[in-house]
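Colleague: Take this structure, written in structure tokens, and hold onto it; I'll ask about it next.
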Amino acid sequence: MQETRERFDASSKTDRLQIRPLQKSDYETWLQGFTNRYPSQYRHDAGQIDMSECTEEWFGGLVDKHQELASNDTAHVFGVFRIEDGKHIGMVDFSTLARDNFQWGRLGYTIHNQFWRQGYGKEAVGAALQIAFTDLGFHRIEAHINTDNDASVRLAESVGMEYECTRKGFINEFEEWTDHLVFYKNAQ
């Protein structure tokens, strides 16, 4: 039980960012991060999202769900907050693909588009990878990236992830089976 608790409490700080699980007290800054998004900048940017159903009570349930996922080692979801003003600028998550002899996970990340081009993605994902290897015990982390998502490819490469392969017809999105690039990083 102690190991599960430590996994849920995992966090990291950089010079500018704090990466940690969401807390119920984060509701206002979390909501602002989403409601202040710019319109979609390109196909892989959700842009502005209707947040009208995301009440404080709903958010509390989301935080509880994240804690349950972490306790079950299914997924570990981290908010990314700017230290200087506490603004929620994005999310990083790790899904457990296999444990035992693999210790293998998948990385996901998003930075709200109003915070793009300031180096926050590289900083957040780099710090989160350290959490994955040190606190969560993963040996291998993969990022699965759409073949036309150049910004995500550059981010993965900037944190030392290496291209491994292209998985054909890997995921059903945009109403079709699409290929994904696989980038990976192993614990050192």
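The values are calculated or read from the model by the stated rules, or taken from the named source; none is laboratory data. No experiment lies behind these values; they were computed from the predicted model shown. Glycine gets a Cβ as well: all are built from the backbone with ideal geometry, and neighbour counts include every protein chain shown. Calculation scope for accessible area: heavy atoms of the full protein, side chains included, ligands and nucleic acids excluded. Shrake-Rupley method; radii C 1.70, N 1.55, O 1.52, S 1.80 Å.
Colleague: What number comes out for accessible area per residue over the range 30-188 if the probe is 1.4 Å? Units Å², please.
Modeller: Result: 52 Å² of accessible area for each residue.
Colleague: For a paramagnetic label modelled at 7 Å from the Cα of H44 toward its Cβ, which residues of the range 169-188 fall within the zone defined by backbone nitrogen distances under 17 Å?
Modeller: Residues 169-185 fall inside that zone.
Colleague: Under 14 Å Cα-Cα from K185, which aspartates and glutamates qualify once same-chain neighbours fewer than 8 residues away are excluded?
Modeller: Straight-line reach from K185, under 14 Å: E142, E157, E162, E164.
Colleague: Scan the range 13-61 for chymotrypsin sites (Phe, Trp or Tyr not before Pro) in coil per DSSP, keeping those whose Cβ has at most 15 other Cβ atoms within 10 Å, and list them by number.
Modeller: Y42
Colleague: Which of the lysines could a cross-linker bridge to K65, judged by Cα under 25 Å and excluding same-chain residues fewer than eight apart?
Modeller: Straight-distance partners of K65: K13, K24, K87.
Colleague: Residues with amide H under 5 Å of V80's amide H, sequence separation 5 or more or different chain, H placed in the peptide plane at 1.01 Å from N; which?
Modeller: Amide H to amide H, under 5 Å and 5 or more residues apart or across chains, V80 pairs with I89, G90, M91, V92.
Colleague: Let me ask another. Kirkwood Rh, the range 34-92, all Cα pairs: how many Å? Walk me through the intermediate numbers first.
Modeller: Numbers: mean 1/r = 0.0745 Å⁻¹.
For the range 34-92, the Kirkwood estimate is 13.4 Å.
Colleague: S152: net charge of surrounding residues, Cβ under 12 Å, Lys/Arg +1, Asp/Glu -1, itself excluded?
Modeller: In short, -1.
Colleague: Of the options Y38, S12, F81, report the single residue whose Cα projects farthest towards the positive end of the charge dipole of the chain (beta-carbon charges: Lys, Arg +1; Asp, Glu -1).
Modeller: It is S12.
Colleague: Calculate for the chain the 222 nm mean residue ellipticity that helices alone would give, adding -39,500 (n - 2.57) per DSSP H run of length 4 or more and normalising by residue count, nearest 500 deg cm²/dmol.
Modeller: Helix-only estimate at 222 nm: -9500 deg cm²/dmol.
Colleague: Now for a different question. Take the solvent-accessible surface of the protein heavy atoms, probe 1.4 Å, and return the percent of it on the chain that carbon and sulfur atoms account for.
Modeller: Numbers: 4700 of 10170 Å².
That fraction is 46 percent.
Colleague: At a Förster distance of 25 Å, what's the computed FRET efficiency of Q23 paired with E175, Cβ-Cβ distance as r, to 0.05?
Modeller: 0.10
Colleague: Just to check I understand the Karplus step: with θ = phi - 60° and J = 6.51 cos²θ - 1.76 cosθ + 1.60, what whole-Hz values come out for the range 103-113, glycine and proline as x?
Modeller: These are the phi-based 3J(HN,Hα) values: 6, 10, x, 10, 9, x, 7, 8, 10, 3, 5 Hz.
Colleague: Quick one: net charge around G60, please, counting Lys, Arg +1 and Asp, Glu -1 for every other residue with C-beta under 11 Å from its C-beta.
Modeller: -2
Colleague: Report the Cα centroid-to-centroid distance between the range 29-86 and the range 157-186 in angstrom, as an integer.
Modeller: 23 Å
Colleague: With +1 assigned to the C-beta of every Lys and Arg and -1 to the C-beta of every Asp and Glu, and no other charges, what is the dipole magnitude of the range 67-117 about the Cα centre in debye, to the nearest 20?
Modeller: Details: 5 positive and 6 negative charges, 47 e Å.
It comes to approximately 220 debye.
Colleague: What dipole magnitude, in Debye to the nearest 20, does the range 55-150 give about its Cα centre under +1 on Lys/Arg Cβ and -1 on Asp/Glu Cβ?
Modeller: Numbers: 8 positive and 14 negative charges, 56 e Å.
Rounded to the nearest 20 debye, it is 260 debye.
Colleague: Once you sort the root eigenvalues of the Cα gyration tensor of the range 5-119 as a ≥ b ≥ c, which label holds: rounded (a/c under 1.5), prolate (a/b larger than b/c) or oblate (the other case)?
Modeller: Prolate shape, in that a/c is at least 1.5 and a/b is the bigger ratio.
Colleague: Short version: ³J(HN,Hα) in whole Hz for each residue of the range 84-95, in order, from phi by Karplus 6.51 cos²θ - 1.76 cosθ + 1.60 (θ = phi - 60°), x for Gly and Pro, what are they?
Modeller: Taking θ as phi minus 60°, the curve returns 4, 9, x, 5, 7, 10, x, 9, 9, 9, 10, 9 Hz for the range 84-95.
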